[in-house]
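The values are calculated or read from the model by the stated rules, or taken from the named source; none is laboratory data. Being a predicted model, the structure only gives us computed values, none of them experimental. Positions of Cβ are generated from backbone atoms using ideal geometry, with glycine treated the same way; all protein chains shown enter the neighbour counts.
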Amino acid sequence: MRLVTAEEMRRFDARATDEFGIPSLLLMENAGIQVAREVSRQFPGGIRGKRVLILCGKGNNGGDGFVSARHLVNSGAEVKLFLLASEREVRGDALTNLTIYQRMGGKVYALMDPKDLNALRMAILSTDLVVDAVYGTGFAGSTPELAGRAFEMINEAGLPVVAVDLPSGLEADTGKIPSACLRATVTVTLGMPKFGLAVEPGASAAGEIVVADISLPREMIESTHIPRALLTEELCRSWLRRRPATAHKGDFGHLLIAGGQAGMAGAVVLAVLGALRAGVGLLTVAVPQTILPLVAPQVPEAMTWSLPDQAGGLTGQSLQERDRSAFTATVVGPGLGRAAERADFLLACLEGAAGPVVIDADGLNVLAGNIDLLAAAGGPVILTPHPGEMARLAGCDTDAVQSDRAGVATRYAREWGCVIVLKGARTLVATPDGQVYVNPTGNPGMAAGGSGDVLAGIIGALAAQGLAAERAAALGAYIHGLAGDCSARRLGQRAMNAGDIAGSLAEAWLQLEPA
Ligand SMILES: NC(=O)C1=CN([C@@H]2O[C@H](COP(=O)(O)OP(=O)(O)OC[C@H]3O[C@@H](n4cnc5c(N)ncnc54)[C@H](O)[C@@H]3O)[C@@H](O)[C@H]2O)[C@@H](O)CC1
Ligand SMILES: [K+]
C-alpha cells in the first residue's frame, strides 16, 4: 500500500481537477459521503436517531465535515456541528458546503472563545460519536490552545471518533504529533493513505485506517512514482518464490553467519536459528574456536567454521584460510564484540564477500566511526540498526534519530549506498534509491535481547536465496514481526523471548503463505 505526502496528495487532487475536469467540489462531496458511510458503519443497529458531534475547522477538512453533516442528517442522525473558526473565515468549496448545510436548517455552533467550551462539554455528554474534521493535510505548526482544549475534552470522553483524512494535530508527512491531537477510532483517509498514518506516533492516534475512494482516476495514481509503501501481506507474498518440485539444497543459497566471542555465543545461535527458519539451503556458522563447542551443539543443521581466536576474538586474518565465493550472502556482527581489531574482521568480511552482506549488532558499532569500510563491499550491504546504533553510525543522538526516523534512514541509505533497516515500532527499510517501506507487524514483546539477532539471520537467509537486498530486508522485517505477533498470542508479550520468535517463524510463514 503506497503512502503519500501532503504535497503528493495536493498534486493528485489538482491533476484530477485540471487534467480530468473533476470539479474539486465533487471530490469534497465524495469525501463527505465516505465519511458519513463510515460513521453509519459504526452503528450496526442503524444510524437513525444516533447523536453525532461534528467538529469542523475552517479549511477543506472542515468542508468534508460539512458534507458529511448533510448526509448524516439525511440518514436520520441528530447532528451537532461545531466550527473552530468564524464563519467568515470559511472559503471556497468549504463555504459552498457550509451554506448548503445551513440552508437545510443545519445550525453551526461557534467555538471561538474559551467560554464556548461549555457548550461543547454539554454536547459531548449527549453524543454517541464524534467526527473530527478540524485539520487534515493542511495542518502545520502546533494546535492552538482552544482547539487543544477541545481535543482534550473529546479524548477524555472516550467516545468513538471518526477522523477525516488524518486525526487533527497529526503531521501528514512525518507522523509526528507536535502538540494536542485528537485520537481516532477510525481514520477515513481520502484518496491515498498518508505516510504519517503508517508510522508512530501517528499510527496509534489514527486507529483503524480506511482508505476512501473519492473518484481520483486510478490510472493517474498508478502511473505516478511514489517512493513509500506500507508492507502488506499481499506485497510480501508477491516476493516469495515457489520451491520447484525438483529443488535441492543448492537451489536456496549458502549463508555465512560470522561473529561471536567468548561470553556472546548466544547472539550467533539466535541469528542461525532465525536463518534456519527462513528457507536457506545451506548455512555455515563461523565463530572463534573457543566458543564453537558451545555453538555447534545448539544448531546441528548448520555447518561450522572454526576461526582462530586472535586478540580475544576475530581479526582480519581469521577469515583468510578459505575462499568464500560459494557463500551467497553473509551476516556479520552478532556477538562480535567492539574491540578495535574487529574493524579488520569487518573489512575482511566485506572485501571477500560474494553476495550481499548484512551488518548487525556489534558489526554496526565497529562500523560507527569507520563508515569508509563500506567502500570495500563488492555487493549490496544491509545495515540493521536500532535507534541507538543508528545514532552512533550517523554521529547524532538517539532523539534526533527518533524524531525523524524516515528522514534519517532515507538520507543515510542514499549517502552510504546501502539498505538501512531502522528498527523500533514500525521498522523502516530505506534503500539507496530513496524508497522507504514501513513495517506494520510486531509488538513491544519483541523489545528484548536477541530479537535483532534473529532478524539479521532471517534477512541474511532471504538474501542468500537470491531475493534483492531491499526485498530481503523488507520481507525479513515483516515476517520477523509476524513471528513476534504469533509468539505474543501464544505466550504473551511479557514472557516471550527471542528464541520464541525464531520458533514462531514456521507459524508466521504459514500465515503468509498457506501450505
Ligand atoms: N481537492 C482537494 O484538495 C481535496 C481536499 N480534501 C480535504 O482537504 C484537506 C486539506 O485541506 P486544506 O488544505 O484546506 O487544509 P486543512 O483543512 O487540512 O487545514 C486546516 C486549516 O487550518 C489552518 N491551519 C493549519 N495548521 C494550523 C494550526 N497549527 N493552527 C491553526 N490553524 C491551522 C489552515 O490554514 C487551514 O485553513 C484534506 O486533508 C482533505 O480533508 C478533500 O475535500 C478532498 C479534496
Ligand atoms: K481531521
Limited to the stretch 223-252, what total is found for residues that are assigned to a helix (DSSP H, G or I) and more than 21 Å from the chain's Cα centre (by Cα)? 4
Select from the stretch 199-222 the residues that are over 21 Å from I154 (Cβ atoms), out of contact with any helix residue (DSSP H, G or I) (no Cβ under 8 Å at 6 or more places or on another chain) and not in a helix (DSSP H, G or I) and write down the one among them that is nearest to ligand 1 (Cβ to nearest atom). V211
Out of L283, L270, L255, sole residue that is in a helix (DSSP H, G or I), within 17 Å of D453 (Cα to Cα) and not hydroxyl-bearing (S, T, Y): L270
Failed condition for A184, given (1) in contact with a Ser or Thr (Cβ under 8 Å, 6 or more places away or on another chain); (2) within 15 Å of ligand 2 (Cβ to nearest atom), with all others met? (1)
So is D132 in the same structural domain as G57 (by TED's automatic domain parsing), acidic (D, E), over 20 Å from the mean Cα position of the chain (by Cα) and within 13 Å of ligand 1 (Cβ to nearest atom) or not? yes
I'm checking my understanding of the structure. Among residues of the stretch 115-150 that are farther than 29 Å from K194 by Cα and touching a Phe, Trp or Tyr at 6+ places or on another chain (Cβ under 8 Å), which one is nearest to ligand 2 (Cβ to nearest atom)? L120
Given (1) assigned to a helix (DSSP H, G or I); (2) within 21 Å of H480 (Cα to Cα), G196 misses just (2)
Scope the stretch 490-515; condition among the acidic types (D, E) and assigned to a helix (DSSP H, G or I); matching residues: D500, E507
What residue, of T143, T127, is β-branched (V, I, T), within 16 Å of ligand 1 (Cβ to nearest atom) and not in a helix (DSSP H, G or I)? T143
Hits in the stretch 137-186 (condition: of a type in the set (V, I, T) and more than 16 Å from A6 (Cα to Cα)): T143, I154, V161, V162, T185, V186
From the options L294, L336, residue that is out of contact with any strand residue (DSSP E or B) (no Cβ under 6 Å at 6 or more places or on another chain), of a type outside the set (D, E, K, R), in the same structural domain as L393 (by TED's automatic domain parsing) and not in a loop (DSSP other than H, G, I, E, B): L294
If I filter the stretch 1-53 down to residues being within 30 Å of the chain's Cα centre (by Cα), within 16 Å of ligand 2 (Cβ to nearest atom) and closer than 17 Å to G106 by Cβ, which single residue comes out as surrounded by the most Cβ atoms within 10 Å (Cβ to Cβ)? V35
